[in-house]
Amino acid sequence: MANSSSVGGMSLAEAPAFQKAPGGAPANVAVGISRLGGSSAFIGKVGADEFGYMLANILKENNVDTSGMRFDSNARTALAFVTLRADGEREFLFFRNPSADMLLHESELDINILKKARVFHYGSISLIDEPSKSAHLAAMRIASNSGSILSYDPNLRLALWPSAEAARKGIMSIWDQADVIKISEEEITFLTGGDDPYDDNVVLTKLFHPNLKLLIVTEGSSGCRYYTKEFRGKVGGVKVKPVDTTGAGDAFVGGFLYSLASDQSILKDEKRLRKALYFANVCGAITVTERGAIPAMPTKEAILQFLLEAASI
């Protein structure tokens, strides 16, 4: 649950008020996929409180399957306060002490949803504390054993980890199990201990693992780079006027996973992979032109309209 400053260009302390907004990376991705016409489900835990019910309702309104959601009567829904700096980037403050999402137990997992998934997508925040860590690892195991593609976006939020070293260790602890990984330039620098994020050799020697089918490095408005065992390259970005970068990476992931779930063979075909990544770039670009994450996720119609307008310029 994100509460964003009602006035941009200010620090959290300076913000005069906050606007309530639903959010959270995996939920954003689920909505992103659903908006495009794909089928998605969300697994997680919220508080049995007004914010938790609101989040569940928003997911339902966006055609996300919420049968895997659990409600905790003893813990609150997590809150994140976000302010937008003058450059459109964000500053975060989290309230999780502990929040309901940290208390998801392995026994509460909806195994049927996991077994049905063509793609199982996850972050790293659920690895910070037990019992959610064990639930996360079990969900990966069930999905993988059922033939799902495992998709990982570490989504580094350093303020939530006990230390930088704990974050690095925790994020890397499940690294070699993923089939698809999406990371940002900043995350490369963090995970490699300060190496150049633009150096292909750094990416290939330190972050590409033998089981990996695809590694994507997002570069914001500049687009993205991609690495597989067979090929690597760059897909240019889409220029727009940014209003709010919240959810842009999640929209990108949603757009790419929508394409991947429709046709897993794109991982072996560079031409079609590039097309899917460009589509994902457009999803991310459209999202930054509006405030908020879930409200800004584009429909397929919005993307087609954007592409038509871009072609006619």
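The values are calculated or read from the model by the stated rules, or taken from the named source; none is laboratory data. None of the values given here were measured: they were computed from a predicted structure. Reconstructed Cβ throughout: ideal geometry from the backbone, glycine too, with neighbour counts over all protein chains shown. Surface areas here come from the heavy atoms of the whole protein model, side chains and all, with no ligands, DNA or RNA. Shrake-Rupley method; radii C 1.70, N 1.55, O 1.52, S 1.80 Å.
Under the condition of being touching a Ser or Thr at 6+ places or on another chain (Cβ under 8 Å) and under 14 Å from Phe42 (Cβ atoms), the residues counted in the range 120-134 number 4.
Sort out for me the strands (runs of 3 or more DSSP E) sitting completely within the range 1-70 that have 3 or more residues that are surrounded by 23 or more Cβ atoms within 10 Å (Cβ to Cβ) and under 20 Å from the mean Cα position of the chain (by Cα). Correct list: 40-47. Which residues, taken from the range 161-190, are in a loop (DSSP other than H, G, I, E, B) and open to solvent by less than 60 Å² (accessible area, probe 1.4 Å)? Matches in the range 161-190: Trp161, Ser163, Ile174, Ala178, Asp179.
With respect to the conditions (1) hydrophobic (A, V, I, L, M, F, W, C); (2) more than 22 Å from Thr246 (Cβ to Cβ); (3) open to solvent by 20 Å² or more (accessible area, probe 1.4 Å), Leu158 lacks only one, and its number is (2). Arg291 passes every criterion in (1) over 17 Å from Leu36 (Cβ atoms); (2) under 19 Å from the mean Cα position of the chain (by Cα); (3) modelled with pLDDT of 95 or more apart from (3).
Residues satisfying the criterion are absent from the range 229-237 (criterion: modelled with pLDDT of 95 or more, over 18 Å from the mean Cα position of the chain (by Cα), assigned to a helix (DSSP H, G or I) and not aliphatic (A, V, I, L, M)). On the stretch given as the range 220-244, residues that are open to solvent by less than 40 Å² (accessible area, probe 1.4 Å), without any contact (Cβ under 8 Å) to a residue 60 or more places away in the chain and aliphatic (A, V, I, L, M) total 1. For the range 81-100, name all the residues that are farther than 19 Å from Gly9 by Cβ and either open to solvent by less than 50 Å² (accessible area, probe 1.4 Å) or without any contact (Cβ under 8 Å) to a residue 40 or more places away in the chain (or both). Correct list: Phe95, Arg96, Asn97, Pro98, Ser99, Ala100. In the range 132-152, the residue that is surrounded by the fewest Cβ atoms within 10 Å (Cβ to Cβ) out of those that are of a type in the set (Gly, Ala, Ser) and not in a helix (DSSP H, G or I) is Gly147.
Note on the range 195-217: residues that are farther than 28 Å from Ala143 by Cα, open to solvent by 50 Å² or more (accessible area, probe 1.4 Å) and not in a helix (DSSP H, G or I) total 3.
Of all residues in the range 65-98, those satisfying the criterion of being touching a Lys or Arg at 6+ places or on another chain (Cβ under 6 Å) and closer than 15 Å to Asp129 by Cβ are Asp72, Ala78.
Got at least one residue in the range 24-39 being modelled with pLDDT under 95 and either within 30 Å of Ile111 (Cα to Cα) or out of contact with any helix residue (DSSP H, G or I) (no Cβ under 6 Å at 6 or more places or on another chain) (or both)? Within the range 24-39, one or more residues are modelled with pLDDT under 95 and either within 30 Å of Ile111 (Cα to Cα) or out of contact with any helix residue (DSSP H, G or I) (no Cβ under 6 Å at 6 or more places or on another chain) (or both). Within the span defined as the range 73-90, one or more residues are within 22 Å of Lys182 (Cα to Cα), at pLDDT below 95 and out of contact with any strand residue (DSSP E or B) (no Cβ under 9 Å at 6 or more places or on another chain).
When you look at Asp129, is it open to solvent by 50 Å² or more (accessible area, probe 1.4 Å), modelled with pLDDT of 95 or more, charged (D, E, K, R) and in contact with a helix residue (DSSP H, G or I) (Cβ under 9 Å, 6 or more places away or on another chain), yes or no? So Asp129 passes the test.
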